[in-house]
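What follows is a short report on a single structure.
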Amino acid sequence: MKRFGFTVLILAFGVYLAGCGKKQENPDALLQEPISLEALSTTSSGEQVKAAEVKPAEQAAVSSATELKTAEAKPQAKLEPLPPQGPYKPAVTEIQSALKNAGFYTGNIDGKMGPMTKKAIESFQKANNLKVDGKVGPKTWAALSKHLTPAAGQ
């Protein structure tokens, strides 16, 4: 009797494993094409079902599939990048141009933060009663940005 029960258990386990190995074709295939209510109202044998017999869950599936199809058809708006958080951080070329226009920088505008640029920043900060640290923070840039475009007549 134990041997028979064990054999049945092994067979049941084998059937279970065989069922797990089957792969569904495409579970999302049903949502790819919208189905009309008329198509839902027809059974597999071709009989017509009254509209009142269609379950609300089926109607929701049809409407969500239709919404999905229309959402895919609409072109998506191009997303614009967000503005940077915090104060504006000027490029080195902007800093060098403003320092040159203010008369503190005599080198080439090359976009490199070298020792000449740093010394010019420190001189500008000292002349404008700012904290002399050689860095262009919000306060230094507020004073320096006024010199970004050369004054008319220079």
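The values are calculated or read from the model by the stated rules, or taken from the named source; none is laboratory data. Please read all numbers here as calculations on a predicted model, not as lab measurements. Virtual Cβ from ideal backbone geometry, glycine too; neighbours counted across all protein chains shown.
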- prompt: When the range 58-107 is examined, which residues are found to be exposed (fewer than 11 other Cβ atoms within 10 Å of the Cβ), of a type in the set (Lys, Arg) and modelled with pLDDT under 75?
  reply: Lys74
task: Considering only the range 110-154, state which residues are among the polar types (S, T, N, Q), at pLDDT 90 or above and either touching a Cys at 6+ places or on another chain (Cβ under 8 Å) or loosely packed, with under 12 Cβ neighbours inside 10 Å (or both).
output: Asn129
message: What are the pairs with Cβ atoms under 6 angstrom where one residue, in the range 105-121, is closer than 14 Å to Asp133 by Cβ and the other, located anywhere, is in a loop (DSSP other than H, G, I, E, B) and among the aromatic types (Phe, Trp, Tyr)? Sequence gap at least six, or different chains.
response: Ala120/Phe104; Ala120/Tyr105
statement: Those residues of the range 82-104 which are of a type in the set (Ser, Thr, Tyr) and either assigned to a helix (DSSP H, G or I) or in contact (Cβ under 8 Å) with a residue 60 or more places away in the chain (or both) amount to Thr93, Ser97
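For the range 1-44, please list each of the helices (runs of 4 or more DSSP H) lying entirely inside it that holds at least 3 residues being loosely packed, with under 10 Cβ neighbours inside 10 Å and modelled with pLDDT of 65 or more. Walk me through how you get there before you give the answer.
Numbers: elements: 2-20, 29-32, 37-41.
Qualifying helices (runs of 4 or more DSSP H): 2-20.
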